[in-house]
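K.L.:
A single structure is presented below for examination.
Read-outs: derived from the displayed coordinates by stated rules, not from any lab. The model shown is predicted, which means the values in this text are computed figures rather than measured ones. Positions of Cβ are generated from backbone atoms using ideal geometry, with glycine treated the same way; all protein chains shown enter the neighbour counts.
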Amino acid sequence: MAKESSQEWQEAEPHRVVVIVDENSNPFELGCATEVFGLRRPELGRDLYDFRLCSPEPRTLMRDGFFTLTGVAGLEAAEEADTLIVPNRPDTEVPRRPAVLDAVRRAHARGARLVGFCSGAFTLAEAGVLDGRRATAHWQWADDFRARFPSVRLEPDVLFVDDGDILTAAGSAAALDLGLHLVRRDHGAEVANAVSRRLVFAAHREGGQRQFVERPMPDLPDESLAPVLAWAQERLDAPLTVADLAGRAAVSPATLHRRFQAQLGTTPLTWLTRERLALACRLIERGEPRFEVVARRSGIGTAAHLRSLMRRETGITPSAYRSRFGPGVK
């Protein structure tokens, strides 16, 4: 999770998210942005974001001519964005429009948050805002990206990179991971979990999880971890161990480790720790004032361990988290 404060992104009015759509843009990532930031959330009792699409042309032909996008705002809408999601497209060797790159540079100069999904990292790099910064992109373009933008610190084997005011995601579904990460960063774990439930998508995959690159399919794929994960999530306050999880899954601890790495990109112990931290965050958001109770009910143990874990994983203390995402905070 980001070490920077998320308070700067919380506004009295809904945070303005603008997506630039350009010729040959990918519909999938556009759909991800719309699902996460564009839909109304009446079950939450408030709008999370003010969402708009914009384009440098009145008619924009999407990837491979699948459809033509019309009726969206002009590129001037990017000037009002608090968060600007830049164009991505498969023809990474084709330069972006100068007007689009200028809009990205102006947004960065005035302090807007910039987001690139998949090949959107190429747009950010062309605009010059990634020089000396961390970023990721789809693994299949890693070599080309490094060759063209050697000053960017590319991390090609992760789902997404949060570098404060510039965030990038690897291909396709990682756009949803980064989108939910931003919701969590802006509005807390409880709201992010509510959005993920609407999407029927995993609530939290860490940005550092490895991308799923091409590899031979196993002859007998592992069984789903879903049953043991659901069982553990109902017992986070208990002193669960990796051996307990393995016993529930009726496999050896070594086999369980292999399945976690293959299916979730992490270890059982790391997953368990992050689930407990997510539960602790939800308890704070729901108004539990006693951190020792939060620590006990989430299985973290002590208030001191809770403070240490939250500092390590979120960069802030439990008290700071409560001031930003506790009851009554808008």
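K.L.:
Once label points are set 7 Å from the Cα along Cα→Cβ at both Ala262 and Arg106, what is their separation, rounded to one decimal in nm?
P.N.:
For Ala262 paired with Arg106, the spin-label model returns 5.2 nm.
K.L.:
If each of Thr255 and Asp143 carries a label point 7 Å out from its Cα toward its Cβ, how far apart are those two points in nm?
P.N.:
Reported label-point gap for Thr255 and Asp143 is 3.9 nm.
K.L.:
So the label point goes 7 Å from the Cα of Glu13 along Cα→C-beta, right? Which residues of the stretch 37-76 then have their backbone N under 14 Å from it?
P.N.:
Answer for this model: 49-52.
K.L.:
With r as the distance between the Cβ atoms of Thr34 and Asp237 and R0 = 35 Å, compute the FRET efficiency 1/(1 + (r/R0)^6) and round to 0.05.
P.N.:
My answer for the efficiency is 0.40.
K.L.:
Sum up the charges of everything whose Cβ sits under 10 Å from the Cβ of Val86, counting Lys and Arg as +1 and Asp and Glu as -1, but leave Val86 out.
P.N.:
Here the charged neighbours net out to -1.
K.L.:
Hey, another quick one. For a label point 7 angstrom out from the Cα of Asp157 toward its Cβ, which stretches of the stretch 94-121 have the backbone nitrogen within less than 20 Å?
P.N.:
The answer is 118.
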